[in-house]
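Here the structure comes first, spelled out in structure tokens, and everything after it is commentary.
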Amino acid sequence: MSTPGFRMTITDDYEAMSAEACRIIADAIAEKPHIVIAFATGGTPTRMYEMLAEKYRAGEFRTNKMIAVKLDEWGGIPIDDPGTCETYLNKHVIWPLDIPDKHYLSFESNPANPISECTRIKNTLDNLGVIDICVLGLGANGHIGMNEPAGKLEPRPHVANLAESTRHHPMLKDSPAVSYGMTLGMEDILGAKKIIMLVNGAHKAPQLERLISGEISAQFPASYLRQHPDTLVIADKAAVGK
Ligand code: F6R
């Protein structure tokens with residue numbers, strides 16, 4: 001069963017999916033300048049972020065008060081590696097939207113103590129208050145952020161034991177091997193006021209089907225979105241098998 005707050009919009013293609021998500025996020029920033037947004041990386045949201053930057057440059061919203069949170073990060077590789085979430089977010093979100101350092105909460109990729117790094121993120125998040133919007137992609141194994149399928153999911157920021165498929169995420173194609181990840185936890189994500197999940201492409205159709213109709217289970221973390229009071233999945237036709 002899903003809550004009435006779990007909804008899905010189907011768009012013609014990747015471009016339309018990106019435009020729809022961009023419109024919602026741009027309106028939300030314009031409406032609430034102090035907004036806190038957690039940003040996923042990966043292939044899915046890239047065009048949406050480009051469109052958001054275009055709207056920003058066109059003066060449709062201001063970003064001087066917004067707070068950006070990095071959803072997750074690969075562990076054990078240099079921060080300036082081309083595959084880090086840091087490199088991605090700097091390129092697609094932080095720099096184009098002129099987010100100042102002090103308004104960007106971000107896991108280090110290669111901290112001396114990953115557990116302490118996660119505690120630092122947890123404590124900062126607790127001071128920030130609730131996340132207004134969490135932007136998600138859908139993992140090949142149903143992960144959200146780096147919350148991997150497991151017997152039990154972690155509520156708060158934690159060091160993630162990555163599935164083999166996740167270690168070979170396309171983002172890492174030119175990077176050294178990663179041994180772990182760091183991610184916001186399930187409670188952090190599901191505590192967001194609004195969740196926007198983007199899903200595109202026929203390769204994601206089985207996962208999307210399982211998200212919508214499968215069992216709600218820690219073995220498929222994205223399934224918990226169905227219990228969230230305000231989750232919008234924006235999927236293109238290919239992802240719903242049309
Ligand atoms: C990355 C992240 C991951 C991705 C997921 C889908 O920051 O949080 O959960 O969203 O692996 O990745 P793509 O979009 O590349 O298919």
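The values are calculated or read from the model by the stated rules, or taken from the named source; none is laboratory data. Values in this document were obtained by computation on a predicted structure and should not be read as measured data. A quick note on method: Cβ atoms are made from the backbone with ideal geometry, for glycine too, and the neighbour counts reach across all protein chains shown. Just so you know, the surface numbers come from the protein's heavy atoms only, side chains and all, with ligands and any DNA or RNA stripped out. Shrake-Rupley method; radii C 1.70, N 1.55, O 1.52, S 1.80 Å.
Bridges between two residues of the range 56-199, per DSSP, are antiparallel at a rate of about 55%. Packing here is the average count of other Cβ atoms within 10 Å per residue, and on that basis the peptides 143-149, 119-125, 3-9, highest first, run 143-149, 119-125, 3-9.
Taking a quarter of the surface of the convex hull around the Cα atoms of the range 1-116, what do you get in nm²? Show your work: numbers first, answer last.
Numbers: hull surface 37.0 nm².
Averaged projected area of the range 1-116's Cα convex hull equals 9.2 nm².
Roughly how many percent of the accessible protein surface of the range 1-147 is carbon and sulfur, given a 1.4 Å probe and a whole-percent answer? So the carbon and sulfur contribution to the accessible surface is 53 percent.
Could you sort out which of K91/K173; K32/K152; K65/K122; K65/K193; K32/K204 sit more than 23 Å apart by Cα distance in this structure? Table pairs above 23 Å Cα-Cα are K32/K152; K32/K204. The mean sequence separation of alpha-carbon pairs under 8 Å and at least six residues apart, normalised by the residue count of the range 39-130, gives a relative contact order of 30 percent.
DSSP beta bridges confined to the chain are antiparallel in about 25 percent of cases. In order along the range 139-145, phi translates into HN-Hα couplings of x, 4, 10, x, 6, 10, x Hz, rounded to whole numbers, per the Karplus curve 6.51 cos²θ - 1.76 cosθ + 1.60 with θ = phi - 60° and x for Gly and Pro. Here the Debye sum runs over all C-alpha atoms of the chain as equal scatterers in vacuum, and log10 of I(q)/I(0) at q = 0.08, 0.09, 0.17 Å⁻¹ comes out as -0.26, -0.34, -1.37. Output the relative contact order of the chain, whole-number percent, from Cα pairs under 8 angstrom with separation of 6+ residues. Relative contact order here is 28 percent.
Taking only protein heavy atoms into account and a 1.4 Å probe, give the accessible area per residue of the chain in Å². It would help to have the intermediate numbers written out before the result.
Numbers: 10450 Å² over 242 residues.
On a per-residue basis, the chain sits at 43 Å².
Taking 14 Å as the straight-line reach from the Cα of K70, the aspartates and glutamates in range (excluding those fewer than 8 positions away in the same chain) are E86, D101, E108, E117, D132, D188. Taking Lys and Arg as +1 and Asp and Glu as -1, the other residues whose beta-carbon sits under 14 Å from that of N161 total -2. Rounded to the nearest 0.05, the FRET efficiency derived from the C-beta distance between D13 and R167 at R0 = 35 Å is 0.70.
For the pair Y180 and L128, label points projected 7 Å from Cα toward Cβ lie 2.2 nm apart.
Our estimate of slack between A58 and D27, defined as 0.36 nm per intervening residue step minus the Cα-Cα distance, is 9.8 nm. Checking the a/c ratio against 1.5 first, then a/b against b/c, what shape does the Cα gyration tensor give for the range 63-199? Rounded, because the longest to shortest axis ratio a/c is under 1.5.
Counting every Cα pair in the range 121-232, what percent are over 19 Å apart?
Working: 2813 of 6216 pairs.
Tail of the P(r) past 19 Å holds 45 percent of the pairs.
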